[in-house]
Amino acid sequence: MELKSMILGHFLVVSLALNAGLLYKDYSKGKHKSQHTFIFKNESLVTKMAFLETNKAPLTEVIDLDHGDPTMYEKYWQQLGDRTTVVIPGWKFISYFSDKRNLCWFLEPEFGDAIIRLHKLVGNAVTDDRYIVVGTGSTQLFQAVLYAVSSPNASEPINVVSAAPFYSVSLLELVSLLELLSSLELLCSYPLITDFLKSGLYKWAGDAHKLEKDNKPYIELVTSPNNPDGSSRQSVVNNKQGILIHDLAYYWPQYTSISSSPADHDIMLFTVSKTTGHAGTRLGWALVKDHEIAKKMTEFIVLSSIGVSKESQIRAAKILQVLSDSHENKDHFKESQPFFHHSYNLMAKRWKQLRGAVKTSKLFSLPEFPHGSCAFSGRNFASQPAFAWLKCEGEIEDCESFLRDHNILTRSGKHFGDSAKYVRISVLPRDELFDQFIDRLSALNST
């Protein structure tokens with residue numbers, strides 16, 4: 001009962017954080033009206049509300065690029081009109097069960113088929129002889145994996161590590177409705193997610209480069225392309241006692257080149273939000289080789305949420321089907337380019353703008369990425385990640401504070417296990433906000 005209470009308490013808080021969200025632009029008949037950016041009072045930040053009414057924001061208005069909210073994709077899906085519309089009658093999905101014959105019995109067959117079709121189209125992951133486990137976003141899947149691969153009979157918690165800089169993203173700042181706290185900032189990150197339940201099964205042990213090689217069991221998280229710095233990653237510790245979890249949320253052809261050999265790891269995590277931009281659908285999936293691991297992951301999700309929303313799965317299935325159709329049946333999509341072609345071109349444009357602004361400013365630097373040949377698109381290009389890992393050069397030691405002084409909100413490198421000279425910046429906001437950011441960054445200079 002105590003374990004169940006802890007699990008339920010965890011997911012209540014995480015659910016609150018995920019669903020509180022940010023308030024963004026209102027639309028009327030598809031036309032942009034305004035954007036409301038709220039920043040709540042804490043020790044270093046004064047309460048502000050910014051109304052972005054024009055393409056060029058006054059310097060007093062806040063540009064929030066702290067969050068990885070993928071609203072960049074809205075215009076593409078708007079162009080497709082009703083192609084992705086799903087109508088669900090009130091009598092459908094009464095049962096808990098989707099397919100009792102499936103190990104993950106709450107996985108909607110339609111969603112499972114759409115996942116397999118998409119991976120085969122792109123060629124980024126092996127799906128044959130794999131179990132698909134669906135979860136409410138990557139956060140739930142990540143905890144399900146930790147639960148599944150940890151030994152319940154171990155004398156001590158197994159160490160969980162990831163090479164720095166590792167995943168950490170500010171979800172939001174909440175004002176307590178009861179005014180018991182002035183604000184509450186929740187950081188969804190590998191360290192926080194790992195230690196939140198204070199589980200006796202596993203514990204966060206920090207940077208994989210610093211793990212003592214003592215032949216003890218460990219779990220290593222390999223994020224590739226990496227969040228926050230966009231680099232391609234492989235395991236670091238490389239000990240036979242290790243269990244590897246590959247987070248491939250960004251391994252899609254708008255962000256990086258796809259290898260001619262599909263990823264073939266024991267445990268691979270993906271998410272709808274970084275594939276299509278539908279973060280609010282709250283769905284992710286795992287491709288798992290081992291039957292017992294997939295079974296225990298399913299058990300964890302059943303204990304924490306008794307399955308995953310069928311409505312979300314059906315909506316996501318439709319979106320993934322249309323995405324695949326846009327490539328396989330191009331002649332029927334006169335109103336838009338195939339999804340990954342459109343997304344690649346948009347990311348390429350944004351990274352060109354960003355590198356130009358950094359060059360103009362002379363205060364910052366960005367990582368350089370090697371070119372790679374993409375088996376999916378046939379292009380040869382350097383990675384263009386969803387986040388920019390920006391470094392303040394010279395005497396600026398706290399890059400987040402420096403940019404905040406110019407009303408640009410970012411996330412400090414210190415939250416990723418790295419230096420405060422770095423910040424992570426989302427490259428996925430709506431066009432208007434990104435263009436405003438480029439204008440403001442270009443205006444900052446060393447003179």
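Which GluC sites (Glu not before Pro) from region 308-395 combine a DSSP loop assignment with at most 15 other Cβ atoms within 10 Å?
For GluC sites (Glu not before Pro) across region 308-395 that sit outside H, G, I, E and B with at most 15 neighbouring Cβ atoms in 10 Å, the list reads Glu335, Glu368, Glu393, Glu395.
In this model, which of Lys352/Lys391; Lys216/Lys295; Lys75/Lys295; Lys120/Lys240 are farther than 28 Å apart at the alpha-carbon?
Over 28 Å apart, Cα to Cα: Lys75/Lys295; Lys120/Lys240.
Is the C-alpha gyration tensor of region 276-373 telling us rounded, prolate or oblate? Criteria: a/c under 1.5 is rounded; beyond that, a/b larger than b/c is prolate, otherwise oblate.
The shape class here is oblate.
Find the relative contact order for region 293-447 and round it to a whole percent, using C-alpha pairs within less than 8 Å whose residues are 6+ positions apart.
19 percent
For region 338-353, take each phi angle, set θ = phi - 60°, evaluate the Karplus expression 6.51 cos²θ - 1.76 cosθ + 1.60, and give the result in whole Hz per residue in order, putting x for glycine and proline.
In residue order, the calculated couplings are x, 4, 5, 5, 4, 5, 4, 4, 5, 5, 4, 4, 5, 5, 5, 4 Hz.
Tell me, what is the FRET efficiency for Ser373 and Asn445 to the nearest 0.05, using R0 = 25 angstrom and their Cβ-Cβ distance as r?
The formula returns an efficiency of 0.10 here.
To the nearest 0.05, how large is the calculated FRET efficiency for Ala154 and Thr60 if R₀ is 41 Å and r is the Cβ-Cβ distance?
Here the calculated transfer efficiency is 0.15.
Write out the chymotrypsin sites (Phe, Trp or Tyr not before Pro) in region 89-164 meeting two conditions: DSSP loop, and at most 14 other Cβ atoms within 10 Å of their Cβ.
Sparse-neighbourhood loop chymotrypsin sites (Phe, Trp or Tyr not before Pro): Trp91, Tyr96, Phe97, Trp105.
I'd like the trypsin sites (Lys or Arg not before Pro) in region 284-374 restricted to DSSP loop residues with at most 14 other Cβ atoms within 10 Å, sorted by number.
Those satisfying the criteria are Lys334, Lys362.
Extension gain Asp290-Glu395, at 0.36 nm per residue separation less the Cα-Cα distance, in nm?
Answer, rounded to one decimal: 32.7 nm.
Read-outs throughout are calculated quantities, based only on the coordinates presented, and are distinct from any laboratory measurement. In this text the structure is predicted, and so the values were computed from the model without any measurement. Cβ atoms come from the backbone with ideal geometry, glycine included; neighbour counts cover every protein chain shown.
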